[in-house]
1. Filter the range 308-358 for residues that are in a loop (DSSP other than H, G, I, E, B) and without any contact (Cβ under 8 Å) to a residue 12 or more places away in the chain and give the result.
2. I want to confirm something. Restricting to the range 278-293 and keeping residues that are in a loop (DSSP other than H, G, I, E, B) and either at positive phi or crowded, with 17+ Cβ neighbours inside 10 Å (or both), which single residue is nearest to the chain's Cα centre (by Cα)?
3. Residues to consider are 318, 388; find the one that is surrounded by fewer than 18 Cβ atoms within 10 Å (Cβ to Cβ) and under 20 Å from residue 287 (Cβ atoms).
4. Determine which single condition residue 297 fails, assuming it passes every other condition in (1) modelled with pLDDT of 95 or more; (2) part of a strand (DSSP E or B); (3) farther than 14 Å from residue 398 by Cα.
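The values are calculated or read from the model by the stated rules, or taken from the named source; none is laboratory data. Nothing here was measured: the structure is a model prediction, and the numbers come from that model. Using ideal geometry, Cβ is built from the backbone for each residue, glycine included, and neighbour counts are taken over all protein chains shown.
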């Protein structure tokens, strides 16, 4: 019984809802009569309106109790689809505005000065040589010219008297060769091959960097000093003052000792000779007359400075303290050198082996001199030698010099 009542109640609710819906539709048609007419053509879409501000969220209502499920009402009939409205015509395109007039050209500015010429770039690489064109075909060989005509035979002379048979004559010279026929025409020259393509031009090299500035040259020499001004006139002498009293005599001072002066060119005369044995050979030494008037022989071994030597024939020394100067050498011999020969005399520092003085006697002469001056140290020994370069024959000698 309750179920039947529920169904009846639900059916009533649905009927009331359908009546309400029908009444709402009728009211809408009355309020908006345009809705009852056929739809007009669709107009152009209006601009989108600005989005309205979002309204505040309403408070949630109290959830009502779930009502009983009503019976499913019968499906209503589908209403007829209204006819589609026609599309509205597109509005006309607006006219294009006129093009503005071009502005007048500005005055051309004056041409600026030409900039300095840049450094020439390095030469680009030479482009590759184009391929050689093909050689033209050789022209045909010209035709051989015709053989020249044979000359006419001369007339036969009358036969003479037959003479005696003579000896066989020499073979006559060969007759000259006939004229050469004209050369045939030269064949046409083959066509010149096409010229190879020109290689691309190398890129222009970058300009070289500007070189550093050269160093500043040295300052010029200071100019010569100007001429001294004229000496002013001497002023008048002042009156002589009174003579002062004589001061006390000061103590006598002792000055420093002066440097030792150079050895003088005078001094002792050394004499070396050998007259008893007139056969002194090149490379041998003469005897010192302090020990003997007639001595000669092999030159002695070197003696150290201030060293002792037992030689009593060939040496001079030791040189006194302070040293000396060997100078003014004179040498004489009893035999003049022959033509093309010479005799040479040396004054030797026996301690060092150095030649201090030297003179040469030329062919036909018997003496020589040397006026140069050479210092010799104290404590050294001296000797006189017939130089090994002597080419004259052995002879007797007298030699003197100062030191």
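1. Step one: filter the range 308-358 for residues in a loop (DSSP other than H, G, I, E, B), giving 308-315, 317-323, 334-342, 350-354.
308, 310, 311, 354, listed by residue number.
2. 283
3. Numbers: 318 fails: surrounded by fewer than 18 Cβ atoms within 10 Å (Cβ to Cβ).
Exactly one residue qualifies, and that residue is 388.
4. (1)
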